[in-house]
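Accompanying notes for the structure given below.
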């Protein structure tokens with residue numbers, strides 16, 4: 001599977017995906033680090049890449065546009081790279097399953113902590 005990692009995420013995510021056998025690039029690797037979302041969208045569509053992003057704009061756009069790249073939307077808070085990669089790698093089997101079912105938007109959020117009331 002081919003993935004394009006958006007600018008808010010670390011290039012290490014693309015390297016991790018490549019290490020487990022996927023074709024993965026960070027937007028920085030493709031000269032797209034400072035491009036508008038529409039340019040990144042078009043590139044992903046042209047190359048058949050799934051966009052992995054923290055940008056809600058990509059998710060919103062994919063909901064209303066019939067023809068577009070699949071989006072993996074990470075809704076995790078800003079965190080250190082090792083923690084982010086740990087969360088992503090743990091959730092990745094579900095991502096693959098969803099994409100194989102041809103879901104066009106895969107949303108990943110951290111598990112909710114239970115609310116403890118006194």
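The values are calculated or read from the model by the stated rules, or taken from the named source; none is laboratory data. Computed from a predicted structure; not experimentally measured. Every residue, glycine among them, receives a Cβ derived from its backbone with ideal geometry; neighbour counts consider all protein chains shown.
Count, please, the residues in the stretch 58-82 that happen to be surrounded by fewer than 12 Cβ atoms within 10 Å (Cβ to Cβ) and either in a helix (DSSP H, G or I) or touching a helix residue (DSSP H, G or I) at 6+ places or on another chain (Cβ under 7 Å) (or both). Talk me through it step by step, then tell me what you get.
Of the residues in the stretch 58-82, the ones surrounded by fewer than 12 Cβ atoms within 10 Å (Cβ to Cβ) are 63-64, 66-67, 75, 77-78, 80, 82.
Filter again for either in a helix (DSSP H, G or I) or touching a helix residue (DSSP H, G or I) at 6+ places or on another chain (Cβ under 7 Å) (or both), leaving 63-64, 82.
Residues meeting the conditions: 3.
Just need a number here: residues in the stretch 21-39 that are touching a helix residue (DSSP H, G or I) at 6+ places or on another chain (Cβ under 8 Å) and closer than 15 Å to residue 89 by Cα.
Count: 1.
Just to be sure before I move on: is residue 42 at pLDDT 95 or above, loosely packed, with under 14 Cβ neighbours inside 10 Å and either part of a helix (DSSP H, G or I) or in contact with a helix residue (DSSP H, G or I) (Cβ under 6 Å, 6 or more places away or on another chain) (or both) in the structure I sent?
On the way: at pLDDT 95 or above: yes; loosely packed, with under 14 Cβ neighbours inside 10 Å: no; either part of a helix (DSSP H, G or I) or in contact with a helix residue (DSSP H, G or I) (Cβ under 6 Å, 6 or more places away or on another chain) (or both): yes.
For residue 42, the condition - at pLDDT 95 or above, loosely packed, with under 14 Cβ neighbours inside 10 Å and either part of a helix (DSSP H, G or I) or in contact with a helix residue (DSSP H, G or I) (Cβ under 6 Å, 6 or more places away or on another chain) (or both) - is not met.
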